[in-house]
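Report on the following structure.
Bear in mind these aren't lab numbers, they're just calculated from the coordinates by the rules spelled out. The model shown is predicted, which means the values in this text are computed figures rather than measured ones. A quick note on method: Cβ atoms are made from the backbone with ideal geometry, for glycine too, and the neighbour counts reach across all protein chains shown.
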Amino acid sequence: GLRLLSLTRIGKTASLVDSMANMTHRELTDMLLKLGESVLVLLMSTHFIACLWFALGDLPGDDPTWVKVSEVSERPLLYQYATSFHWALTQFTPASMEVLPVNTWERLFTVVVDLCGLIGFSTFVSTLTTRMTQLRSFNKVRMGQHKALKNYLHENMISLETSDRILNFVQSNKNKLRPRTSADGIELLQDIPMSLRRQLDFEVFKPILSYHPLLRHLAFYDSECTYAICSAAISEYALAKQSLLFSKGDEGRHMYIVHSGQITYTRSRIQVSLQKSDWLSEAALWIKDWVHRGDCMAVKRADIIGISVEEFRCALEDSRNKSRPGARLGYRYAWRFINDTCSYDVASALRCSDIWGDWSHICGIIAQVTDDVDGVTKVGASKVARNVGRRSILPGFST
């Protein structure tokens, strides 16, 4: 009876493999897990049938059984199990063996197992064929791309040295540049209600925005404003090694937050390394017509979250029109952010650059702003907003 109850483990094992497949992020790994699931289910089914077959042959009494006729009971336990497993496996395949049913119950059990095996083995073969076809198709696409690249290099008479470097780079980096999965690329998410999509965007991007002290406090004081930013202002970038995020002189249309990987910011031959949770080009949010003061490049594969300047300002403007505290917090912060530049150490060549404002400096501003944000009036916030919009040149630094 306990052995029969343990048959439910097959379903649990299949469910576990499905859960593992759902947690994988690579198509090849998912296909291999599904293939392994089919083989595992077949082996476990064979194991339980083998146990039932041996139990049926080992029943007490004087009637002949396959165990008595084959004298298997005198053999070691491992041989008994191997013989039972072998018999069970032949019921799923065209193979045969010397063990045969010798009484009515064994014959009926064999008929039932053969009928189940006819259906089960056909299903297994079909599933196995499908998985192998998927694997071949997956490899065919990759091999086709590799062949096309070789043909391109050959037809354009690229030097052997350059061709070898390109092929080696492609081979070593074929799995490294996998951008974060975007909700816009998932067709099933395009039909969900707008309210549910806003909630999804909020839960995805709020933890990333919270790397910055202001945006973390903004979510606390005005969640509606943060919902609007997460829904409309976020862009995602996947940078390969040595790829540029922006160059000196480019128009600053985004603030950037490093979500993974490593990038470097270079200005006046001074280089600063930025990693996960660091941000840059915040000044673009608060200063009209901000222009990047340096170059930003990925040291290794990096995921970057961009906050659109235009959409961010629209979210704050909507907050101000509805008299929500997010606008008061944002505009008062912007005023202090710009005017506190006078207290910076002028000796740094990165003063007033795209990495203007380090962690301690920003936290200091936040501490001042949150102490009296509740006392700022709507009129005061409007005045700050107008001043921030007009101010397009940083003190002491010419555009």
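What to note about this one:
- Note on E310 and D63: the extension gain reaches 80.1 nm, defined as 0.36 nm multiplied by sequence separation minus the Cα-Cα distance.
- Volume per residue for segment 182-242 equals 95 cubic angstrom (convex hull of Cα atoms).
- Our summary of shape: the Cα atoms of segment 76-230 have principal axis extents of 80, 58, 36 Å, ordered from largest down, in whole angstrom.
- Of the peptides 115-128, 30-43, 80-93, the ranking by mean beta-carbon count within 10 Å, highest at the top, reads 80-93, 30-43, 115-128.
- Over segment 214-285, the reciprocal of the mean inverse Cα-Cα separation, the Kirkwood hydrodynamic radius, stands at 14.0 Å.
- Entries of K276/K300; K248/K288; K147/K300 with Cα pairs more than 23 Å apart: K147/K300
- Three-way shape call for segment 246-307 based on the alpha-carbon gyration tensor, with the a/c threshold at 1.5: oblate
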